[in-house]
Amino acid sequence: MITIENLKKKQSKTCRLIGLDLGSKRIGVSICDEKQSIATPFKTINKTNTKELIVKLKELIGEYDIKGIIIGNPINMDGSLGSSAQSVNDVSNNIDKAIDVDVCLWDERLSTVGAFNLSSQLDVNVSKREKNIDQNAAAFILQGAIDYLNN
């Protein structure tokens with residue numbers, strides 16, 4: 001895996017990235033445009049195992065010409081790393097070893113809350129918000145990362 005700073009130095013400004021919100025039951029996926037200006041919620045994958053996730057990611061990478069993966073890192077509010085951060089780190093390392101694109105962790109603190117609040121401001125009903133929360137959180141994560149990369 002590489003740091004966001006190294007990704008910024010290494011990546012072209014015209015390539016697509018995907019964002020992942022790795023949950024215990026579902027994985028939110030988002031994708032950005034080639035100019036890395038906007039992240040869009042893409043899909044939610046039901047989590048089975050890491051091997052199956054890697055197969056699905058390879059399909060997306062090939063189909064959409066993805067050059068990097070941004071994975072939300074669930075750091076605790078006080079900056080410490082909990083068990084969920086360790087789990088995400090383990091899965092991220094497995095993805096990094098199996099897939100030949102840059103993989104980077106991005107601090108995801110408040111991404112789910114932010115995605116839920118944003119959808120409520122857009123007047124999306126609660127059942128639809130909850131259904132799409134994982135992919136919306138992935139878009140929130142990816143948008144934060146691409147905003148950083150573009151500054």
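Every number here is computed from the coordinates shown, using simple stated rules; none is lab data. Remember, predicted model here, so these are calculated numbers, not experimental data. Reconstructed Cβ throughout: ideal geometry from the backbone, glycine too, with neighbour counts over all protein chains shown.
Among 101, 88, 55, the ranking by other beta carbons within 10 Å of each residue's beta carbon, starting with the fewest, stands as 55, 101, 88.
Over the chain, all Cα pairs binned in 5 Å intervals from 0 give whole-percent P(r) values of 2, 10, 20, 25, 21, 14, 7, 1, 0, listed from short to long.
For segment 22-96, what percent of Cα pairs sit more than 16 Å apart? Result: 54 percent of Cα pairs exceed 16 Å.
Here the spin labels are modelled as points 7 Å beyond Cα on the Cα-Cβ line, and at residue 1 and residue 93 they lie 0.9 nm apart. Where in the chain are the DSSP H helices whose alpha-carbon span along the long axis reaches 24 Å or more and whose Kyte-Doolittle mean is at least -0.5? Helix filter hits for the chain: 126-149. Here the sum of -39500 (n - 2.57) over DSSP H runs of 4 or more residues, divided by the residues of the chain, equals -15500 deg cm²/dmol at 222 nm, to the nearest 500.
Of all the options 28, 62, 19, the one that moves most in a Gaussian network model of the chain with Cα springs shorter than 10 angstrom is 62. One compactness figure for segment 1-61 is 1.22, namely its Cα radius of gyration divided by 2.2 N^0.38 Å.
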